[in-house]
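Undergrad: This is the structure I have questions about; it appears just below.
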Amino acid sequence: MSRTFVARAALGLLAVGMLCLPAFVTGYVVYIANITLVYIVLALGMHILTGEAGQFALSHAASYGIGIYTAAILNKFAWGVFPLPILAGGLVAGVLGLLIGLVALRMRDIYLALATFAFGQAMQWVFLNWKSVTGGPNGTEIHPTSLFGIEILNDKQAYLLVLALTAALVYATLLLSRSRLGSALRAVRESEVAALAVGVDVRGVKLVAFVLSGVYAGLAGGVFTLFSTFIGPDSLGFQTTIFVLTMVVVGGLGSVTGAISGAVIMSLSSEMLRSALSYQEIIYGALLMGFMMYASGGILDLARRLWRRGSLPANV
Amino acid sequence: MSEPLLDVRNITVSFGGLVAVSDFSMKVEKGAIHALIGPNGAGKSTTFNCISRFYQPQLGSIWIEGRDVTHLPPHALAERGVARTFQNLELFNGLSVLENIYLGAYAGAKGRLFRWGDRSQEAREFACHLLERTGLIEYRHALASGLDFGRQKMLELARALAVRPRLLLLDEPAAGLRNREIDRLDALLTEIARRDGVGIVLVEHVMRLVMSISDVVTVLNFGQKIAEGSPGQVARHPAVIEAYLGREGADHDSAA
């Protein structure tokens with residue numbers, strides 16, 4: 001029995017388990033599953049930009065928020081028909097990703113980080129003050145999206161759609177990573193001059209990465225509106241960007257499985273830390289620093305190393 | 001007579017008032033190895049970076065196979081059959097040796113978005129062929145950063161060959177190599193030029209290699225061409241001796 005067979009069987013079991021989940025658990029657990037799936041999409045967006053292309057945008061939460069508000073506006077009107085609001089969220093966030101990318105082409109490293117940070121802060125200010133759309137600091141209600149004339153009202157109803165969309169985006173990310181474009185993204189990450197020398201249009205490829213990252217964050221926002229009834233600006237600030245960055249780093253920068261496992265770990269731990277809200281930021285910060293310093297390969301790599309150390313003591 | 005493979009016409013490059021290359025011209029024919037030598041700071045690398053489009057000359061033009069490329073961006077050269085290596089290694093360090101080679105073939109794989117790299121039988125065979133030629137086949141799954149210096153140099157050359165170049169620009173390929181590795185490079189470059197008909201521009205300080213493989217040697221000093229000819233002619237040229245050994249050396253030589 002080959003390893004790929006075992007891996008496929010495990011994946012199949014996981015898929016069946018995920019599909020059947022709502023039949024066995026409470027609505028609260030399904031909510032956690034939904035939000036975890038949204039985090040996976042957010043993490044994939046950051047994985048493409050930071051993990052694959054080696055670029056930074058500390059404005060990820062802003063793109064997410066734009067996706068949420070775009071979908072929420074459409075839901076208020078007759079346009080709230082699945083999957084229109086979600087696609088619109090992805091589109092608008094993608095256009096913003098393009099603008100961020102055009103600015104980002106002119107700077108690098110710390111300057112890029114600061115510029116995108118400023119953009120994220122500016123967008124949060126817009127979310128706080130554009131009261132007619134966002135409800136200001138108090139937030140706003142999100143109307144339900146409808147599917148075939150039926151309104152999606154709760155977590156269990158939304159779950160299969162959220163799962164299907166996330167699965168589709170995971171698959172797309174894997175395809176991207178194995179494609180010629182994915183190779184070009186990594187080339188830009190590893191050496192821009194060498195990338196130019198082999199014919200990679202470095203500027204173009206960077207722009208694509210910024211757009212894709214924005215699209216993913218926007219789609220994540222749209223998916224969020226499928227099962228949520230409320231959005232406020234508090235959850236769309238810098239701490240959310242850091243939260244997603246922590247997922248990608250904890251999971252292991254540069255791999256799709258890393259981004260997914262990081263999202264799952266961070267989502268579940270944030271749910272467990274819900275009662276200790278004020279300590280959350282400190283814990284995330286410590287996790288981020290700890291992993292960057294001692295386990296830059298991420299949790300899977302760390303586990304693999306510990307496993308080897310455990311099973312082959314003579315070799316270490 | 002047909003167009004030369006590379007035709008550099010009267011280029012001048014200056015950096016804020018400092019003239020690095022002044023009114024320089026050179027021609028490279030198909031299948032020829034053309035070395036560019038000169039003391040440090042003579043303008044070799046500047047010229048080289050103009051040809052590969054990383055620098056922009058203020059005056060003059062650069063033609064490849066009869067087409068003006070003076071205003072093309074650097075990434076447009078690979079699909080026109082021009083490949084280069086770098087003076088200080090520029091590998092995709094965090095990627096495997098194989099993926100480095102696949103990326104070399106990036107420009108040639110236009111339109112094959114998903115049938116790419118490992119997923120294309122043809123690409124895999126081509127990559128393995130190049131790795132065998134450069135002695136790297138057993139390291140194909142290693143990270144580029146894990147190779148020793150000599151093999152990294154070879155990998156950079158292999159990646160340039162993966163472009164399927166008609167013009168190959170090599171910036172100090174022998175720098176830091178051991179004698180045995182230089183011999184291997186010597187044989188490989190000769191084969192690439194003679195058998196495959198690739199034109200090679202070589203910036204190099206290792207005279208043993210330059211004198212052994214070059215068809216034409218161009219000598220630069222202070223941004224100007226001071227001599228050009230066969231390796232033997234250039235080695236006897238008084239201006240070259242002066243540039244390398246100084247005035248006194250030249251006097252000494254003629255007195256002797």
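Undergrad: Can you report the number of residues in the range B:197-231 which are among the hydroxyl-bearing types (Ser, Thr, Tyr) and surrounded by 18 or more Cβ atoms within 10 Å (Cβ to Cβ)? Reasoning before the result, please.
TA: We begin by selecting, within the range B:197-231, every residue among the hydroxyl-bearing types (Ser, Thr, Tyr); these are B:212, B:214, B:218, B:230.
Remaining after also requiring surrounded by 18 or more Cβ atoms within 10 Å (Cβ to Cβ): B:214, B:218.
Total meeting the criteria: 2.
Undergrad: Please tell me if B:SER22 is over 17 Å from the mean Cα position of the chain (by Cα) and farther than 21 Å from B:PRO73 by Cα.
TA: Spelling it out, B:SER22 is indeed over 17 Å from the mean Cα position of the chain (by Cα) and farther than 21 Å from B:PRO73 by Cα.
Undergrad: Starting from residues that are more than 7 Å from chain A (Cβ to nearest Cβ) and hydroxyl-bearing (Ser, Thr, Tyr), keep the ones in the range B:82-115 and report whichever is surrounded by the fewest Cβ atoms within 10 Å (Cβ to Cβ).
TA: Among those that are more than 7 Å from chain A (Cβ to nearest Cβ) and hydroxyl-bearing (Ser, Thr, Tyr), it is B:SER96.
Undergrad: State yes or no: is B:ALA123 in contact with a helix residue (DSSP H, G or I) (Cβ under 7 Å, 6 or more places away or on another chain) and buried (at least 20 other Cβ atoms within 10 Å of the Cβ)?
TA: Against the criterion (in contact with a helix residue (DSSP H, G or I) (Cβ under 7 Å, 6 or more places away or on another chain) and buried (at least 20 other Cβ atoms within 10 Å of the Cβ)), B:ALA123 qualifies.
Undergrad: Right, here's the next one. May I ask you to verify whether B:GLU79 is facing chain A (nearest Cβ under 7 Å), surrounded by fewer than 17 Cβ atoms within 10 Å (Cβ to Cβ), within 18 Å of the chain's Cα centre (by Cα) and not hydrophobic (A, V, I, L, M, F, W, C)?
TA: Here the answer is yes, as B:GLU79 does meet what is asked.
Undergrad: With the range B:146-256 as the region, which helices (runs of 4 or more DSSP H) entirely inside it contain at least 3 residues that are on the phi < 0 side of the Ramachandran plot and aliphatic (A, V, I, L, M)?
TA: Ranges flagged: B:149-162, B:179-194, B:207-213, B:238-255.
Undergrad: In addition: Would you point out which residue out of B:GLY60, B:GLY31 is of a type outside the set (D, E, K, R), at positive phi and assigned to a loop (DSSP other than H, G, I, E, B)?
TA: B:GLY31
Undergrad: Kindly indicate whether A:SER183 is surrounded by fewer than 20 Cβ atoms within 10 Å (Cβ to Cβ), on the phi < 0 side of the Ramachandran plot and among the hydroxyl-bearing types (Ser, Thr, Tyr). Before you say what the answer is, go through the steps one by one.
TA: Values: surrounded by fewer than 20 Cβ atoms within 10 Å (Cβ to Cβ): no; on the phi < 0 side of the Ramachandran plot: yes; among the hydroxyl-bearing types (Ser, Thr, Tyr): yes.
For A:SER183, the condition - surrounded by fewer than 20 Cβ atoms within 10 Å (Cβ to Cβ), on the phi < 0 side of the Ramachandran plot and among the hydroxyl-bearing types (Ser, Thr, Tyr) - is not met.
Undergrad: On to the next question. Name the helices (runs of 4 or more DSSP H) wholly within the range A:238-316 that hold at least 2 residues that are over 18 Å from the mean Cα position of the chain (by Cα) and more than 22 Å from A:THR173 (Cβ to Cβ)?
TA: It comes to A:277-294, A:298-311.
Undergrad: In the range B:33-54, what count of residues is obtained for those that are within 30 Å of B:LEU245 (Cα to Cα), touching a strand residue (DSSP E or B) at 6+ places or on another chain (Cβ under 7 Å), of a type outside the set (A, V, I, L, M) and surrounded by 18 or more Cβ atoms within 10 Å (Cβ to Cβ)?
TA: Looking only at that region, the number is 9.
Undergrad: Please note which helices (runs of 4 or more DSSP H) are completely contained in the range A:151-237 and include at least 3 residues that are among the β-branched types (Val, Ile, Thr) and either under 19 Å from the mean Cα position of the chain (by Cα) or modelled with pLDDT under 95 (or both).
TA: Values: elements: A:155-178, A:180-190, A:192-197, A:202-227.
Those helices (runs of 4 or more DSSP H) span A:155-178, A:202-227.
Undergrad: A follow-up question, please. Tally up the residues in the range B:107-138 that are in contact (Cβ under 8 Å) with a residue 40 or more places away in the chain and under 24 Å from A:VAL188 (Cβ atoms), please.
TA: Number of matching residues: 2.
The values are calculated or read from the model by the stated rules, or taken from the named source; none is laboratory data. Keep in mind that what you see is a predicted model, and the values were worked out from it rather than measured. Cβ sites come from the backbone with ideal geometry, for glycine too, and all protein chains shown count toward neighbours.
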